[in-house]
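Only one structure is covered here, and it is reproduced in the block below.
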Amino acid sequence: IEIEEQYPLSPQQILLRDSKLRNTEYVYGVVIFTGHDTKVMQNAMKAPSKRSKIERKMDRIIYLLLSALVLISVIGSVFFGITTRDDLQDGRPKRWYLRPDDSTIYFKPTKAAISAILHFFTAMMLYGNFIPISLYISIEIVKLLQALFINQDIHMYHEETDTPAHARTSNLNEELGQVDTILTDKTGTLTCNSMEFIKCSIAGTAYGRGITEVERAMAKRKGSPLIADMASNTQGSQAAIKGFNFTDERVMNGNWVSQPHSGVIQMFLRLLAVCHTCIPEVDEESGTISYEAESPDEAAFVVAARELGFTFYQRTQTGVFLHELDPSSGKQVDRSYKLLHVLEFNSARKRMSVIVRNEEGKIFLFSKGADSVMFERLSSSDCAYREVTQDHINEYADAGLRTLVLAYRQLDEAEYANFDRKFTAAKNSVSADRDEMIEEAADLLERKLILLGATAVEFGHALRQFSVRSTGVGVSARRDARDLHLPPPSQSHSHSQTTST
């Protein structure tokens, strides 16, 4: 007997136009919107013109000159026709020097109207030099020379990626360097959209010896060069890893095994490597693993777990696969976790959770989120280092870091079966309170959590020495583009806050 199973359709299952589906062998699909009913098509607008202001201005000048040329030719042709008609006397023209009596096609004095029309085309050719066609050629030569100067500009060279400026087109040269207004929020720090794992608190112990930009600036104001020197020595002692700026010999290179709370550290790193939605990409030539994540925070967490011994290397529809450091043997072992449910992050929940089953059949709930919602969901009987962790979070926030609290709990089969039944029914519901039902089912399970610790990530590569003038609503600045020392266009930038939220 086949048992019918219902699968919910939510925004997570909808593939928008131009979406790419990876790591999927086959799908069962249903068409919801097609053609002009799709969101992308309804939001589509006419492509804006990419022509520069000087080109559009030249076009208006050429139109004006062309209109003047036509007007001159028309006026001349009208007067030519009138004069030709009045010039006939006894069937012969008075102006003998024009020899019209020898012409039978192009000029007939007896048909003044046709003569005037033919004279119009003659005037257009004779007065054609009135329009300076060479103007376009001169402008294009100037733009070509400007593009060559841009390619040779040492101030636009990006040293970190060894990328010089390359002008692929010279159409918009005159539009460069015209940044007039930059809008930002009240905190006003412009940063790259990248995060670096720099500190963490595990089992009440703070790890990470890195110094943030905020701490370095405060040390300089207070006249304390020790912190600045320590920061420079720390940064120069390790190779640059994107998303990872963590230094602490107590937990790096597998040394966390000898720490007093090694079991908590192991679970902490396992949570970082499992509780996410990242997709790994393995380079076939070098064997290195990179990650595609919805947010730079998640990518930083997975990279940190990899550098500390828990490498996430494969994801399927139903499982997550890791290379874990075994504390007993000190070697990397392969472990898999069956992915049962993903309780996604949103602005209302302020947390993300995953429910997995390990190889021994045990079910775990791994959760990470803001301290404002996570601390109220901790178990009252197991909160030995809650206050210490809260103090560490406050210190990280004062240093300009973004913090997340990590916690977990083990579920029994009956509790999970009850949740699975309610959660599936809520997701399959088509009523107006569907979201509330899903949140209620998840909230029942995300209780009595065991605190592991907290993470702290820093915005990478802040745009420094950028002076702005406050306007109350935003900020305004007139700067040349070369003065900003921006990274290459492939790196996206966003306006972000530097305080913990």
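Residues Glu307, Glu324: which one is at negative phi and open to solvent by 60 Å² or more (accessible area, probe 1.4 Å)? When all the criteria are applied, what remains is Glu307.
Looking at Val31, Val27, which is the one that is within 29 Å of the chain's Cα centre (by Cα), open to solvent by less than 100 Å² (accessible area, probe 1.4 Å) and of a type in the set (A, V, I, L, M)?
Sole residue among the options that is within 29 Å of the chain's Cα centre (by Cα), open to solvent by less than 100 Å² (accessible area, probe 1.4 Å) and of a type in the set (A, V, I, L, M): Val27.
Within segment 129-181, the set of residues being basic (Lys, Arg), part of a helix (DSSP H, G or I) and surrounded by fewer than 13 Cβ atoms within 10 Å (Cβ to Cβ) is empty. Output the residues belonging to segment 317-333 that are of a type in the set (Asp, Glu) and not in a strand (DSSP E or B). Matches in segment 317-333: Asp326 only. Flag set for Ser367, criterion: in contact with a Ser or Thr (Cβ under 7 Å, 6 or more places away or on another chain) and open to solvent by less than 60 Å² (accessible area, probe 1.4 Å). Test Asp102 against the stated conditions and say whether it is modelled with pLDDT under 80 and either surrounded by 13 or more Cβ atoms within 10 Å (Cβ to Cβ) or not assigned by the TED database to the domain that holds Arg168 (or both). Yes; evaluated as a whole, the condition is true for this residue.
This table checks each residue for (1) assigned by the TED database to the domain that holds Cys200; (2) among the aliphatic types (A, V, I, L, M); (3) in contact (Cβ under 8 Å) with a residue 24 or more places away in the chain.
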| position | (1), (2), (3) |
| --- | --- |
| Leu343 | yes, yes, yes |
| Arg349 | yes, no, yes |
| Phe366 | yes, no, yes |
| Val373 | yes, yes, yes |
| Ala407 | yes, yes, yes |
| Ala414 | yes, yes, no |
| Ala417 | yes, yes, no |
| Phe423 | yes, no, yes |
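Taking the criterion of being of a type in the set (A, V, I, L, M, F, W, C) and either part of a loop (DSSP other than H, G, I, E, B) or free of Cβ contacts under 8 Å to residues at least 40 places away in the same chain (or both), the residues of segment 274-301 that qualify are Cys275, Cys278, Val282, Ile289, Ala293.
The values are calculated or read from the model by the stated rules, or taken from the named source; none is laboratory data. Treat the numbers as computed from the prediction; the structure is a model and nothing was measured. With ideal geometry, Cβ positions are generated from the backbone for all residues, glycine too; neighbour counts draw on all protein chains shown. Side chains included, ligands, DNA and RNA excluded: accessible areas come from the protein's heavy atoms. Shrake-Rupley method; radii C 1.70, N 1.55, O 1.52, S 1.80 Å.
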